[in-house]
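The values are calculated or read from the model by the stated rules, or taken from the named source; none is laboratory data. The shown structure was predicted, so the numbers you read here are calculated from the model rather than taken from an experiment. Don't worry about glycine lacking a Cβ; one is built from the backbone with ideal geometry, like all the others, and counts go over all protein chains shown. With ligands, DNA and RNA removed, areas are computed over all heavy atoms of the protein, side chains included. Shrake-Rupley method; radii C 1.70, N 1.55, O 1.52, S 1.80 Å.
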Amino acid sequence: MLTFLARRLLVMIPTLFFISVLVFVVIQLPPGDFLTTYLNELQSQGEAVDPAKIAYLKQQYGLDQPMYVQYFDWAWGLLHGDLGFSFEYNLPVSEVVGDRLYLSMVLNFSTVLFIYIVSFPIGIYSATRQYSWGDYGFTLLGFLGLAMPNFLFALVLLYYANVVFGTSIGGLMDPEYINAAWSFGKVKSVVEHLWAPVLVIGTSGTASMIRRLRANLLDELSKQYVVTAHAKGLSPGRVLFKYPLRMALNPFIADIGNILPQVVSGSVLVSVVMSLPTTGPMLLSSLQSQDMYLAGSFLMFLALLTVVGMFVSDILLAWLDPRIRFQGGVSE
């Protein structure tokens, strides 16, 4: 086990290095840079551009350096906790992200918790009562949740909240708290606004997890060891929770590597539609404007969460399922 953990930790280092190179190259692939986009906007508005100012900005931001020099400066800063400088906001990336990162994590952790709390009881009920009226009803709701796009559900919810109740459920807090310091009132406002985006973002994930858990659990319940356990007189609840449910959880544990970056990135379209101050729209905007340090820092943080999530999922899978082995070969 210790050898496995050490090997996985050592693999994470070159993995993150190659991801950082790939991220930087991909951001640089579109023609031009942030200053090019900025100049085009000024020229489209009919404003004059001073060449001396452009040369000064290129030197200040390091855009006159070769690509490999820019990469090593950026990577060296990441190793020391310096996320770089945002051209678009004219601020350090750490200050630009600010509360958006915390709000994104609160929103998406709440969404993940909502998905698990709602989907697991329903998935277990549907699997253990196959073809019952409850199973058919939850299956119908699941298909509706999968068929309806999140952003469309957000628009419908916003419309009916405004028309029927005369209130706006957009955003994550009341307007007076947007630029205010954190206080009890601001936290209370965030909690009061949190239910709507959690419901919108979590609907499709809940429906998908119900279907997957139902299918996996039905497959386990049909195996011989379950029939043998029932034949020995074990109670249905003990038979269900002892092995079949435990084995059916493997795909969900393996998904931790995908869940962690989603906690930060969130649903971009829903965030735009509902005016949520999260990191998703900021990441999209930074990619469009070629704000390379802001976009690169975001993407590297997501890559780090993915690699760490895969590492955690491997450990949990080994603990959950003793059939999983750490190395190949057949034991004698």
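Give, in nm to one decimal, the length gained when the segment between LEU140 and ARG246 is fully stretched (0.36 nm per residue of separation minus the Cα-Cα distance).
Values: separation 106, 0.36 × 106 = 38.16 nm, distance 2.60 nm.
Extending this stretch completely gives an extra 35.6 nm.
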Take ILE117 and VAL308, extend 7 Å from each Cα along the Cα→Cβ direction, and tell me the distance between the two endpoints in nm.
2.4
Which of VAL270, VAL118, VAL69 moves the most in a Gaussian network model of the chain with Cα springs under 10 Å?
VAL69
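Membrane-span-like helices in the chain: DSSP H runs reaching 24 Å or more (Cα, own axis), mean Kyte hydropathy at least 1.0? Don't skip to the end; give the middle numbers.
Numbers: long enough: 2-28 (40 Å, 2.07); 93-128 (51 Å, 1.22); 184-221 (49 Å, 0.44); 292-320 (41 Å, 2.01).
Helices meeting the criterion: 2-28, 93-128, 292-320.
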Cα gyration tensor, the range 123-163 - rounded (a/c under 1.5), prolate or oblate:
prolate
Where does the chain land at 222 nm, in deg cm²/dmol rounded to the nearest 500, when only DSSP H runs of n ≥ 4 count, each adding -39500 (n - 2.57), divided by all residues?
-24500 deg cm²/dmol
Estimate the FRET efficiency between ALA215 and LEU29 by the formula 1/(1 + (r/R0)^6), using the beta-carbon distance for r and 35 Å for R0, to the nearest 0.05.
0.30
Amide H of LEU91: which non-local residues (sequence gap of 5 or more, or other chain) have their own amide H closer than 5 Å, using H built in the peptide plane?
SER86
As an exercise, use a Förster radius of 30 Å and the Cβ-Cβ distance of VAL164 and SER208 to find the FRET efficiency, rounded to the nearest 0.05.
0.55
Pairwise label distance in nanometres, LEU234 with ARG7, each label 7 Å out on the Cα-Cβ vector:
3.2
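As a test of reading the structure, rank PHE114, PHE165, PHE241, PHE17 by solvent-accessible area (1.4 Å probe, protein chains only), most first.
Working: PHE114 60, PHE165 160, PHE241 125, PHE17 100 Å².
The residues order as PHE165, PHE241, PHE17, PHE114, largest area first.
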Please enumerate, by chain and number, the aspartates and glutamates with C-alpha under 20 Å from the C-alpha of LYS232, excluding those fewer than 8 residues away in the same chain.
GLU220
Write down, largest first, the equivalent ellipsoid semi-axes of the range 271-312 in whole Å, where each equals the square root of 5 times an eigenvalue of the alpha-carbon gyration tensor.
22, 15, 6
Sorting PHE184, PRO197, THR139 by the position of each Cα along the dipole of the range 124-241 (Lys, Arg +1; Asp, Glu -1; all at Cβ), the one nearest the positive end of that ordering is THR139
Taking R0 as 30 Å and r as the Cβ-Cβ distance between ALA254 and PHE72, the FRET efficiency 1/(1 + (r/R0)^6), rounded to the nearest 0.05, comes to 0.30
Pick out, in residue order, every one of the trypsin sites (Lys or Arg not before Pro) in the range 147-226 that is DSSP loop and has at most 14 other C-beta atoms within 10 Å; say none if there are none.
LYS223
Mean-position separation - Cα centroids, the range 131-146 and the range 229-302, in angstrom
23
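Count the net charge of all other residues whose Cβ sits under 13 Å from the Cβ of TYR136, scoring Lys and Arg as +1 and Asp and Glu as -1. Show your work: numbers first, answer last.
Values: positive: ARG129, ARG214; negative: ASP135.
Result for the neighbourhood of TYR136: +1.
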